[in-house]
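See structure below.
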Amino acid sequence: MCGIFAVIGSREVSSLLIDGLRKLEYRGYDSAGIATIDNLNNDQIGQLNVTKAKGKLINLSNLIKKKPPKGHVGIAHTRWATHGKPNERNAHPHLDFSGQIAVVQNGIIENYRDLSNSLKLKGIKLTSETDTEIIPHLIGLEIEHYLANGLSPNEQTLLIAVQKVLTLLEGTYSIAVIWSKAPNALVVARGQAPLVLGFGEGEFFCASDTPALTGFTRTFLPLRDHESALLTPLGIELYDDDGKRQHRAPSIIEGAEFFADKRNFRHFMLKEIYEQPETAQQWIDRFLPMDLPSENPIAMPVSKSILENIEQIQILACGTSRHAGMVGAYLLEQFAGVPTKVYFASEFRYAPPPLSPHTLTIGVSQSGETADTLAALRMEKERRDSTQDPNFSFHQLGITNRVDSSFGRELENVIDIGSGIEIGVAATKTFLGQMLSFYGLTILFASHRQKRKSQEILDLSNDLRLIPKQLTNLIKKHDSLSKEIAHLFVETKDVIFLGRGINYPIALEGALKLKEISYIHAQGYPAGELKHGPIALLDQHVPVVSIAVPGVVYEKVLSNSQEAKARDARLIGVSTHRSESEMFDELFTIPKVSEWVSPLLTVVPLQLFSYHIAAHKGLDVDQPRNLAKSVTVE
């Protein structure tokens, strides 16, 4: 959600800014823009140049190719609309009333209405519908005040003006600021929204995510909340919220480069669906190798203190991550015997349950930056830290695909799902990675609490070890079938997904995928709830997707599916039995597996089903409208 990239150095930056933004496209956006300062002949005052465009980055790139703006310092932004429509007027960067200060911002300024009213009283006219525009105006007023009181127009004046304005802002933000009267300065700051600094060779960068630094540098330093920094061609100065200089060593980006290549696939999403066997195999190689001793059946990096005295678990997540948490909750309760509840992170923050002793809180976020989940985790930490009762000991665990994120910096215990960078906004392989993490936790708790016999734990482990090969065969088979039938659903307006037990979350996930990328309204239900309302919607125009896997509720799901068939609904099945093919109009078969591991397989046909419908409709599968990969605002 929204991307910031900025650079200062000794070479022209306009092409570098576009390159940085291109590496942030996966976050989702609807407009883009850059601002540079052309320091004419090294004069004291430079010329501010701004270029903005609605829509995809290619539109901005084409404008810049026609007339490249000059400058050795610049800021760039991809915007995901929050306040104001997605158009060029609302695109970043935004300027102050003098046209000399430019700002890009991620996040939401919650008190922008009060601040904008105060600006209007001072005669300042706002030209956009955004909350961001107030920031350059406030900085401009502060600078005017400082200059009137004898300060010189230089980088320190810009820095202290920005730091002063930050004290007025309420909400979440990360910002980058340039000023034509300080052409060798770039000021950046963070207030809960992520921002990292990059240290290059004769150049310095800031970005909202580390992939933007790829190809420029591997040396980075994440800003902490309420920190600001002054970047010049000579280096970086770091300050806390009291304006005191800070000294902190940068880190090196470890592992593979953040480089994504579609290879021969039409879309990143399809490529990432095909990468799921590799995701599963890498997880098994790390956490579930064959040579583990029976007393330690899984090699997960979870401290022993988390396992001690835990009586219940609460899972906080949003969207697809929440569906993974629901699968996890089923496993932790039914297999490991640990009472577990799943909460919408956005609701938990404002209506948390009463504090209970001996509780583990698990946050799930593929990006590690999901604003609602981070806020809920922080709030829960404050609640538990505030009580003096030792029974309310605080334990938190994060599950993420990005350990270099806020999750990795703020949580003591983090499980890296290790799925590799995922470009498609609609999560596929990261969902699999999240589910696998919960399988690992389930084995860990079941073993520690001795709720299952060793043979049962070994059977589950061996079933998991078979998943990579099963996924490979499944994807190849159902890629073709989904493509063949996609045209049948192009005009469909509504779809109902049914599942029960451990596969109910997969019905929710299947419905979410269809909504996200094909823009078809879809809803997931526990199959037994069909006759309690949703059945009224059924006719020949409303297909029903039913997940019917042998297990404790298998016959019940088939009965519920018959109810849909009797109302003329087109019935699509996900099942292990071909013998049921007469019931279904279309059938996606999966291998005969234990019901425990079935969600790892049943989700794949639903991913491919959604993908091929969206691709057949000619939609932007990787970057669906209005959605963002990393949701960094509430």
Provide Met435, Met269 in ascending order of the number of other Cβ atoms located within 10 Å of each residue's Cβ, fewest first. Met435, Met269
Chymotrypsin sites (Phe, Trp or Tyr not before Pro) lying in DSSP loop within the stretch 309-386, provided at most 15 other Cβ fall within 10 Å: Tyr350
Bins of 10 Å from zero: percent of alpha-carbon pairs in the chain: 3, 16, 24, 23, 18, 11, 4, 1, 0
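Remind me, relative contact order of the stretch 344-481 in percent, using alpha carbon pairs under 8 angstrom and six or more residues apart?
18
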Rounded to two decimals, the Rg over Rh value of the stretch 475-634 from Cα coordinates and the Kirkwood Rh reads 0.95
Using a 10 Å cut-off around each Cβ, can you sort Glu484, Glu509 from fewest to most neighbouring Cβ atoms? Glu484, Glu509
Which entries in Lys476/Lys531; Lys341/Lys592; Lys54/Lys617; Lys453/Lys565; Lys125/Lys515 show an alpha-carbon gap greater than 32 Å? Lys476/Lys531; Lys453/Lys565; Lys125/Lys515
Taking a threshold of 21 Å on the Cα-Cα distance, which of the pairs Lys23/Lys513; Lys271/Lys477; Lys23/Lys469; Lys52/Lys85; Lys451/Lys556 fall above it? Lys23/Lys513; Lys23/Lys469; Lys451/Lys556
For every helix of n ≥ 4 consecutive DSSP H residues, a contribution of -39,500 (n - 2.57) applies; sum these over the chain, divide by its total residues, and give [θ] at 222 nm rounded to the nearest 500 deg cm²/dmol. -10500 deg cm²/dmol
Both in Å, the radius of gyration and Dmax of the C-alpha trace of the stretch 224-306 are 21.7, 57
Let me know the charge dipole size of the stretch 523-625 about its Cα centre in debye, to the nearest 20, where only the beta-carbon of Lys, Arg (+1) and Asp, Glu (-1) is charged. 40
Sequence gap at least 6, Cα distance under 8 Å: using those rules, report the relative contact order of the chain to the nearest whole percent. 12
Out of all DSSP beta bridges in the chain, what portion is antiparallel? Express it as a percent rounded to 5. 60
If each residue's Cβ is checked for other Cβ atoms within 10 Å, how do Ser346, Ser303, Ser594 rank with the fewest at the top? Ser303, Ser594, Ser346
DSSP-assigned coil residues among GluC sites (Glu not before Pro) in the stretch 288-347, each with at most 13 further Cβ atoms within 10 Å: Glu295, Glu308, Glu311
In the stretch 66-145, what chymotrypsin sites (Phe, Trp or Tyr not before Pro) fall in a loop by DSSP, with at most 12 other Cβ atoms inside 10 Å? none
Could you state the number of Å between the C-alpha centres of the stretch 490-522 and the stretch 160-218? 40
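Treating only the Cβ of Lys, Arg, Asp and Glu as charged (+1, +1, -1, -1), what charge dipole size does the chain show about its Cα centre? Round to the nearest 20 debye.
For the chain, the charge dipole is close to 1040 debye.
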Rounding to the nearest 10 and keeping the result within 0 to 90°, find how far the Cα-based axis of helix 554-565 lies from the longest principal axis of the chain. 80
With a ≥ b ≥ c taken as the square roots of the eigenvalues of the C-alpha gyration tensor of the stretch 262-465, please select rounded if a/c is under 1.5 and otherwise prolate if a/b is larger than b/c or oblate if it is not? oblate
I'd like the orientation of helix 134-148 relative to the chain: the angle between its Cα long axis and the longest Cα principal axis, in ° from 0 to 90, rounded to 10. 20
Quick one: angle between helix 454-465 and the longest Cα principal axis of the chain, in degrees between 0 and 90, rounded to 10, please. 60
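Bear in mind that the values in this text are calculations on the coordinates, not laboratory data. In this text the structure is predicted, and so the values were computed from the model without any measurement. Positions of Cβ are generated from backbone atoms using ideal geometry, with glycine treated the same way; all protein chains shown enter the neighbour counts.
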